[in-house]
Every structure is written in C-alpha cells, then in structure tokens.
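The values are calculated or read from the model by the stated rules, or taken from the named source; none is laboratory data. Quick caveat: nothing in here was measured; it's all calculated off a predicted structure. Every residue, glycine among them, receives a Cβ derived from its backbone with ideal geometry; neighbour counts consider all protein chains shown. Calculation scope for accessible area: heavy atoms of the full protein, side chains included, ligands and nucleic acids excluded. Shrake-Rupley method; radii C 1.70, N 1.55, O 1.52, S 1.80 Å.
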Amino acid sequence: MVTKTGIPAGPAAGKPAAALSKEEVLRYSRHLIMPEVGMEGQLKLKQAKVLCVGTGGLGAPLGLYLTAAGVGRIGLVDFDVVDSTNLQRQVLFGNSDVGRPKIEAAAARLRDLNPDIQIDTFEAHLSSENALDILKDYDIVVDGTDNFPTRYLVNDACVLLGKPNVYGSIFRFEGQITVFGYPGGPCYRCLYPEPPPPGLVPSCAEGGVLGVLPGIVGTIQAAETLKLIIGKGDHLVGRLLLFDALGMKFRELKLRKNPECPVCGEHRTLTKLIDYAEFCGIRGEEAPTIVTNIPEITPRELKSRLDRGDDLYILDVRETHEYQICNLQGHLIPLGELSRRVNELDSSREIVAHCRSGKRSADAVEFLRKAGFRKIWNLKGGILAWSDEVDPAVPKY
Amino acid sequence: MAVKVIIPTPLRAYADKQASVEVQAKTVAEALSALTGKFEQLRKHLYSDDGRLRSFVNVYVNDEDIRYLQKDQTSVHEGDTISIVPSIAGGAR
Ligand SMILES: [Zn+2]
C-alpha cells in the first residue's frame, strides 16, 4: 500500500515543484530527501538528455539506472538483435526477447520501468555520416560500444560537439572507466593515440567476459552520468579507474590532456569525422584474416577421410577449459604452449589442426610449417564449422 | 630495486597467467626488458617491429603515465608499481 502521506514535504517546500507531478515526487522521494540531489537535482535530471551508444552489456545497467533515476530523455543506438548468448549479462533482455531487435526490446523494458520519460531509438550503426546528427541533441554521451572504430568515432564526435563522453570498456574480469571530452579535460585519443592492429587484442566474443562485470562498469558509468547532470561530487575527469573483478580491486591512474592530441590538442589536425574502419586498419566489411597459403581441409573432407580409416592425427590448439565444452577427441596442445611442446608431434604423420573458428589453428599451422612440418592442414572454420556441417550434436560456444 | 609489474588480463596468457611479476630494475626500460626476457611472447604485444612501445599500450609508474615523465628512461625505486594498461574495447556484445 502506497499512501500519499509518504511524500516527504520537507526538502521540496518553498521550491518551484511545479515541474514534478505529485506522482513524480513520490517516485523520486529517495532522491528528493538527499540534499545532494533534492528538488533542484531531480529537475535537472528531468531536463537532461543522455545518449547511450550500445544497448548490450554496459548499456543494460546504464539504461535501467538512468531510466529509473528519471533522466528525462534517453536515446538508444544499436543495430543488433538479441541472441541467447547475450542473456548471461545483458539484463535488459529476457528469454522472450531472443530474435528481437535490441533497440525495440530495450525501449519496451525501459518504458515499462518509467513511462514518464522519453525514449528515442536509433536502429543504426553509428557512423561518420550519422554520428554528429544523432549526438547533437543530447547533453551527455555514454559509450557502451564494443569495438575500436566506434569508440574513436564517439570520442571525436563528442570532442567536436563539446559533449562529455562517459567511457567504460571491459574484458574478461577487467574494466576501465573515465569521463572524456569534459571542457579542459583529456579525450580518448589523449589516452590512446592509436588503436591496436586488428587481431592483436581479442574481443569479448573471443576472450569472454564475466557476466557481472558489465553490470559493475555500466553502473559506474551511470553514477558518473547522474553526477555530471546534477553537478555534484568529483567526476572521473582526468582519472582512469581500473577495476579488476578477479582480485576485487579498484585502482586509479592519472589521465592527462595530451598537448599534441590531434583532436583536442593545441594544434589540432582533426576537425571533422574520418573513416574509422580505415583508421583502425579494418578494410572492407569483414576484417579478412591475413592468412595466406595455409593448407586447409573442410569439415566434410575430414569426416570422409576419417570414415575411410585414414590415419590422421587431430591436433586441438584450444585451451583446456574449451576442450571440456566439446572436442573432436584430438590431442590438446594450447597454442601458447605449442613452441615448447612441439616435440610431442610426429612430423611424419598427417596432422589436422583445429580450434574454435579456425583462426588460432591457422597460426599453429603456420608455425609448424616453419618448424618443418609438411603434412599439416588447418580445419577450415574450426569446431564451429564441424558442428554446422558434420555433427550438429557438437555444441557451439 | 625490486619493482612489481602488473600484467593486464589480455596479456596474462603470454606471462604464464600471472597477474603481477616482480623484477629487478632501475628504470622502466630495464623492468620491461627483464619482463620480456622472462616471457618472450610478451614482446610483440608491447613493442612494435621497430622496437618502440606500442601506442595502444600505456605504462604507468605508480599512478603517473611515463609519457609525461622520462618515458622508458623513467627511474623506478624499491616498492614502485609499474602498470601496463592496454586499450580494451569490449562492452556491448
Ligand atoms: Zn585529446
């Protein structure tokens, strides 16, 4: 039972409460009774416009807490569709959302949480063509994307438009959080002038992520966003917060504005958005792996040779914990151990190397060919392709 | 001087899965060379082919970025902590 007598009248007394309805005063009462937020702060939240780029792992807690807190207008940018591997961490979505556009499922969930606020949806890839147009109407941008080109794009667009960019990124057990693009403060390019070349740094899809990690990092981004709006507390401007969930440690590093920064420095050379796929070394649609002359065998060819009884040696170069998920009964030597365990292999035998998708095993084949192995093939598409083309009982992960 | 080098998650696979490693060094350069001497595979992740520290890997002595100190000639003292902080991009998917 909610009774009207529960409304805290004190802090709101004497202030122009006209902008909050009676229902809103009740809904936000836990904010209103704190002097740091109060009626003034709550009205700022109501007038604020925040754009969340990405509605996945980081976007989920962000969207939920900003909506619950009463941020008046929230924009969501995403193009993805909910799949079952998202549900381990993207708490905005439920089982019934699988197959639905994320933006649609997210908007429905947030509107249910707080019908008083405006949710704008952009079902699109943020690009150099649309970014300035999408960002321009918002006060604060929150970066919850998952790739380097979009992160540099969001950074540059925010700097060009003079908007704060609340940044968070995650990998496995580790997160980085800061505020870029605040007047006088550093930007993403001040921290990292250039992205890593494609393939050198694994993504969450390849490297994995502890489900609760985006929850913690996204919630910190939400806290920073709310503080920027109400103008209270110390922001993460000029401070890089590192979080390690495995060691359960927070650390803080100094983040300085780079006077030579091409986008926010004294002699800036970057005055409009560029081609970010090119900047990050990704040409064309899919980043092609620069694997040449690696002898390959398809899953079907391998199956028929095994059925014929050919003496093939299956080398699995994944990690032990992956072998436990599924395997082709191969001999396991993780790629990282191959150089010191190469003597376990017999170069006179025919060897087929495989991993999950065919990428790591291509490296293994290349390495072994350099080591003198001649009868060696890479299983094209890895165990994923084996599951698709030969044995659907093998689970994909 | 004994200094602690903190290995970030993405690079632990190349450092025997360790979260931190103690090395003897008087400068950052010495510390990193001791580290890559111990873990050869780390080298290509920290340095480009021309031997320069990669621009998506930042190195800190305690909480200061060595780019604003004496770069890899920054001196280190007993008990200092060196952090290697590469850029990571994960978040949505
Ligand atoms: Zn900058």
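I'd like the full set of residues that are open to solvent by 10 Å² or more (accessible area, probe 1.4 Å) and either under 10 Å from the mean Cα position of the chain (by Cα) or within 15 Å of the ligand (Cβ to nearest atom) (or both), limited to the range A:149-158.
Here is the first cut: in the range A:149-158, the residues open to solvent by 10 Å² or more (accessible area, probe 1.4 Å) are A:149-150.
Selection gives nothing.
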Pairing a residue in the range A:62-88 that is under 18 Å from A:Tyr167 (Cα atoms) with any residue that is of a type in the set (S, T, N, Q) and not in a loop (DSSP other than H, G, I, E, B), where Cβ atoms lie under 7 Å and the two sit 6 or more apart in sequence or on different chains, gives A:Leu62/A:Gln221; A:Tyr65/A:Thr219; A:Leu66/A:Thr225; A:Ile74/A:Thr67; A:Leu76/A:Thr121
Could you check the range A:250-285 and list, in sequence order, the residues that are part of a loop (DSSP other than H, G, I, E, B), in contact with a Ser or Thr (Cβ under 8 Å, 6 or more places away or on another chain) and more than 16 Å from the ligand (Cβ to nearest atom)? A:Asp275
Being within 14 Å of chain B (Cβ to nearest Cβ), part of a helix (DSSP H, G or I), touching a helix residue (DSSP H, G or I) at 6+ places or on another chain (Cβ under 9 Å) and β-branched (Val, Ile, Thr) is true for just one of A:Val159, A:Val154, A:Val166. Which residue is that? A:Val154
Look through A:Gly184, A:Gly199 and report the one residue that is within 16 Å of the ligand (Cβ to nearest atom), at pLDDT below 95 and open to solvent by 30 Å² or more (accessible area, probe 1.4 Å). A:Gly184
On the given criteria, is A:Gln176 open to solvent by less than 10 Å² (accessible area, probe 1.4 Å), closer than 24 Å to B:Ala19 by Cβ and at pLDDT 95 or above? yes
Check off (1) within 12 Å of chain B (Cβ to nearest Cβ); (2) more than 23 Å from A:Thr219 (Cα to Cα); (3) assigned to a loop (DSSP other than H, G, I, E, B) for A:Thr145 and give me the number that stays unchecked. (2)
Just to be sure I understand the filter: pairs with C-beta atoms under 8 Å, separated by 6 or more residues or on different chains, first member in the range A:259-276 and in contact (Cβ under 8 Å) with a residue 40 or more places away in the chain and among the aliphatic types (A, V, I, L, M), second member more than 15 Å from the ligand (Cβ to nearest atom) and not in a loop (DSSP other than H, G, I, E, B). Which pairs pass? A:Leu273/A:Ala131; A:Leu273/A:Leu132
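Picking from A:Leu246, A:Leu241, which residue would you name as being out of contact with any Leu (no Cβ under 6 Å at 6 or more places or on another chain), outside any helix (DSSP H, G or I) and farther than 28 Å from A:Cys264 by Cα? Steps first, please.
Numbers: A:Leu241 fails: farther than 28 Å from A:Cys264 by Cα.
Unique residue meeting the criteria: A:Leu246.
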Quick one: in the range B:1-53, of everything that is among the hydroxyl-bearing types (Ser, Thr, Tyr) and open to solvent by 50 Å² or more (accessible area, probe 1.4 Å), which residue is farthest from the chain's Cα centre (by Cα)? B:Tyr14
Among the residues of the range A:323-382, how many are free of Cβ contacts under 8 Å to residues at least 24 places away in the same chain, open to solvent by less than 50 Å² (accessible area, probe 1.4 Å) and touching a strand residue (DSSP E or B) at 6+ places or on another chain (Cβ under 8 Å)? 2
Could you count how many residues in the range A:239-256 are buried (at least 18 other Cβ atoms within 10 Å of the Cβ) and not aromatic (Phe, Trp, Tyr)? 7
Number of positions in the range A:125-166 that are in contact with a Phe, Trp or Tyr (Cβ under 6 Å, 6 or more places away or on another chain) and at pLDDT 95 or above: 7
